[in-house]
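Since the structure comes first, as structure tokens, the remarks are kept for the end.
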Amino acid sequence: MLRAVQLVLGTGVFVAMSCSTTALLNNTSPTSNFAPGLGIPTPRTISVGFINNTPFRAIFTFGAYDQLDENTIPQNFGQLRLEGNTSSAQIAQPCRKTFSVGGEELIRLIELNRNSPLITVNDPAALVDGVNFSGAPLGDPLEAEPTEGTALGLVRLVGVDFTCERTDIRQVTGTGVLIFTFEQDAAAPGGFRIDYSFVTP
């Protein structure tokens, strides 16, 4: 009986350590620099890019926030309508603890803070959970609607899935690139998925 309890406790400790390791890496990874002369932290920037390998327009919102800060606001988030079989330029984003493409919490935080001067929604039709894929022509009322399907949102953590590390102490920005690729996938919920890769510094 004692051995059984030890095994269960041991398993529980292992699980707890696994979870806490992820949290530790996320919470201790650097995301800011001290501003020269001011002595206050200022967020580093990261680069993100999107590749649409589907024949359909992808409509989505992306951005970063600090999931453990109850006052977090996803400032400088972006919205895109990315045409089929095209890719975006690299886009600068603030480095925060969490980066999201169409994640439920990102969308909730934007909606919750719509009255904040720090929030500007340029494309209300792109403020959706996940990613919409439309086959409607530009100018059609359905051009941002999921006429072809959807992809689930994707969330990535600094220190676990990417870093904001610099290759030189004089740099003010991270030097890696987060790449999100949209693929058509009949087995995925909504018929599409988001693949992710990180190009290290």
Checklist entry - Out of (1) within 17 Å of Pro189 (Cβ to Cβ); (2) of a type outside the set (A, V, I, L, M); (3) in contact (Cβ under 8 Å) with a residue 40 or more places away in the chain, the odd one out for Gly159 is which? => result (1)
Checklist outcome for this item: If we take region 95-201, then strands (runs of 3 or more DSSP E) inside it with 3 or more residues that are under 14 Å from the mean Cα position of the chain (by Cα) are 98-101, 154-157, 177-184, 191-199
Checklist entry - Where residues in region 56-78 are surrounded by fewer than 23 Cβ atoms within 10 Å (Cβ to Cβ) and among the aliphatic types (A, V, I, L, M), which of them is nearest to Ile110 (Cα to Cα)? => result Ile73
Checklist entry - Do we find that Leu82 is crowded, with 18+ Cβ neighbours inside 10 Å and either at pLDDT below 95 or out of contact with any Gly (no Cβ under 9 Å at 6 or more places or on another chain) (or both) in this structure? => result yes
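The values are calculated or read from the model by the stated rules, or taken from the named source; none is laboratory data. Quick caveat, the model's predicted, so the values are computed rather than measured. Backbone-built Cβ (ideal geometry, glycine too); neighbour counts: all protein chains shown.
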